[in-house]
1. Restricted to the range 490-514, and to residues that are out of contact with any Lys or Arg (no Cβ under 8 Å at 6 or more places or on another chain) and among the aliphatic types (A, V, I, L, M), which residue is surrounded by the most Cβ atoms within 10 Å (Cβ to Cβ)?
2. Restricting to the range 329-344, count the residues that are touching a Phe, Trp or Tyr at 6+ places or on another chain (Cβ under 8 Å) and either farther than 20 Å from residue 253 by Cα or modelled with pLDDT of 95 or more (or both).
3. Return the only residue of 49, 16 being within 26 Å of residue 261 (Cα to Cα) and out of contact with any Asp or Glu (no Cβ under 8 Å at 6 or more places or on another chain).
4. Determine which single condition residue 241 fails, assuming it passes every other condition in (1) under 13 Å from residue 302 (Cα atoms); (2) assigned to a loop (DSSP other than H, G, I, E, B); (3) open to solvent by 20 Å² or more (accessible area, probe 1.4 Å).
5. Go through the range 359-380 residue by residue and tally those that are open to solvent by 50 Å² or more (accessible area, probe 1.4 Å) and either within 26 Å of residue 473 (Cα to Cα) or free of Cβ contacts under 8 Å to residues at least 12 places away in the same chain (or both).
6. Residue 56 - would you say it is surrounded by fewer than 24 Cβ atoms within 10 Å (Cβ to Cβ), small (Gly, Ala, Ser) and over 38 Å from the mean Cα position of the chain (by Cα)?
7. Output yes when any residue across the range 66-74 is open to solvent by less than 30 Å² (accessible area, probe 1.4 Å), modelled with pLDDT of 95 or more and either more than 18 Å from residue 130 (Cβ to Cβ) or not in a strand (DSSP E or B) (or both), and no when none is.
8. Working only within the range 118-137, note down all residues that are modelled with pLDDT of 95 or more, surrounded by 24 or more Cβ atoms within 10 Å (Cβ to Cβ) and outside any helix (DSSP H, G or I).
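The values are calculated or read from the model by the stated rules, or taken from the named source; none is laboratory data. This structure is a prediction, so every number in the text was calculated from the model and none was measured. Positions of Cβ are generated from backbone atoms using ideal geometry, with glycine treated the same way; all protein chains shown enter the neighbour counts. Accessible surface is based on the protein model in full, side chains and every heavy atom, while ligands, DNA and RNA are left aside. Shrake-Rupley method; radii C 1.70, N 1.55, O 1.52, S 1.80 Å.
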Amino acid sequence: MLSTAYSAATYGADGYEVAVECTARRGLPSFEIVGLPDAAIRESEKRIYTGSEESGYPIPSAEVSVNLAPADKKKEGTAIELAILVAIYSCCGFIGANTEDMSFIGEISFSGEIRPVRGALGMTLAAIQSGRCEIFVPAGNLREASVACREGISIYGVDSIRSLVDHLNGTAPLEPAGANPYDSIGELVTSDDFSQIKGQYRAKRAMVTAAAGGHNILLIGPPGSGKSMLAKRLPTILPRMSYEESLETTKIWSCAGMLGEEIPFVLNRPFRSPHHSLSTAALVGGGKVPLPGEISLAHNGVLFLDEFPEFKKDALEALRQPIEDKQVTITRAAGRVTYPSSFMMVCAMNPCKCGYYGSRSGKCTCKSADIKAYLSRISGPMLDRIDIQVEMPELNFAELSDEERGESSASLREKVEAARDLSRERFRAAGFADWASRSNALMETDELRLFCSLDEECRRVMEGVFTRTNLSARAYDRILRVARTLADLEAAQSGVRESEGIIGGPLKKRHVTEAAQMRALDRKYW
């Protein structure tokens, strides 16, 4: 007898449907599985047979053959085991239900329990896209998978083989997950707030600008000047993630096995702060079976690189392409996987090895050659990809002892969201299909011509900056992007939606001048 059950597997962060075809014939007991299974799937025989026996539904002696379709695609992981069991049970007559519209995802234990798997959300979405309207996932993955709930779709959490069989036979029906819980769950509360930061008004202004436009930023200053403190508070002023952004980010975290009962899906913008000793593969992704790295785990959030020059040179250089393309492609013998990596990069560094070059304390003990060697660890092409550079001097006593609290994260977030609303409206009016997810930092050449045209006064300012600092073409474009964001912030605060036919208003000399000042450290340090 031939039976078919459906499951899913992952390829990168996305899932794809797998059809499990099974035949069980009288003969000597045997189990064969074909269709490019990996080692974990080939070992599933023992788990399936032992788990079935412990559950009270032992598989009869038969010649069992299983095919995983599409047969030319490598199948990895243990999520297909539950569908294999259902296909075998259908052949043996243990299950009488029609499973054509169902998909089964889960790993089987020796005790007959259904264990959680990585990538459950991506696989659930793949099953839904393939037309399956009843999805069975491990109970431990139910909250994660329920993000994919929509009208006409039922998602069930299964904790054991027995409960699944009883449901399919109608003796003890399971309750499906409720509606999509995204809107009913608030963001995680954090005690970090911009109002806690003393002084550093220029740096805070630069951070707000970076948040409003999605720009990369470099903070440079002596130890204790507040670089890390400022960077860790950046997510508190970024706009809340949309449902689509949360879904995409959660898929990546699920693929990496970083979700659980406490964090079933990612609602807050990610903040990743890897140690400078990490390898290139850990940063950009890799492994025999390519998994997402830190830059993909920071997708739609912030990647904070503290002690920037201390990172391995090849790791930093590997960042250059993902920063531009907003995705990273990892090629291995097992295949090629592309992960999204649209993140804001925040870098923090000391100006020299001892940390005190140029500080008021005069404590620097580094030689000129040592300072130059330290700064040269950051290449020109990498600096070109950083939109904003901010120097953070040491705080004086008056600033440290000031009891007045600065502007709160909630207030700054309102300004950031208002500026982003203007930029999105501008992209929408210009006819860009992806206007909802675009930011000023992502503007291409044609968009710069359209939204960042310079009048004669602005042109003279840019000509002077270009001549004095020997800007590259990429750095020139980045100054224009930052100037556009500064204009949006000003327009949002003044309540001006449109001026001179441009949403957010045209660029003025003050915007271009301030944007150029935010790129002024090239001359001082490099």
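1. This residue is 512.
2. Matching residues across the range 329-344 total 1.
3. Numbers: 49 fails: within 26 Å of residue 261 (Cα to Cα).
Just one listed residue meets the conditions, 16.
4. (3)
5. Initially, the range 359-380 is screened for residues open to solvent by 50 Å² or more (accessible area, probe 1.4 Å), giving 360-363, 365, 367-370, 372-373, 376-377.
Narrowing further to those that are either within 26 Å of residue 473 (Cα to Cα) or free of Cβ contacts under 8 Å to residues at least 12 places away in the same chain (or both): 362-363, 365, 367-369, 372-373, 376-377.
Counting residues in the range 359-380 that are open to solvent by 50 Å² or more (accessible area, probe 1.4 Å) and either within 26 Å of residue 473 (Cα to Cα) or free of Cβ contacts under 8 Å to residues at least 12 places away in the same chain (or both) gives 10.
6. Details: surrounded by fewer than 24 Cβ atoms within 10 Å (Cβ to Cβ): yes; small (Gly, Ala, Ser): yes; over 38 Å from the mean Cα position of the chain (by Cα): yes.
Judged against the criteria, residue 56 is a match.
7. Checked the range 66-74: at least one residue is open to solvent by less than 30 Å² (accessible area, probe 1.4 Å), modelled with pLDDT of 95 or more and either more than 18 Å from residue 130 (Cβ to Cβ) or not in a strand (DSSP E or B) (or both).
8. Hits for the range 118-137 are 135, 136, 137.
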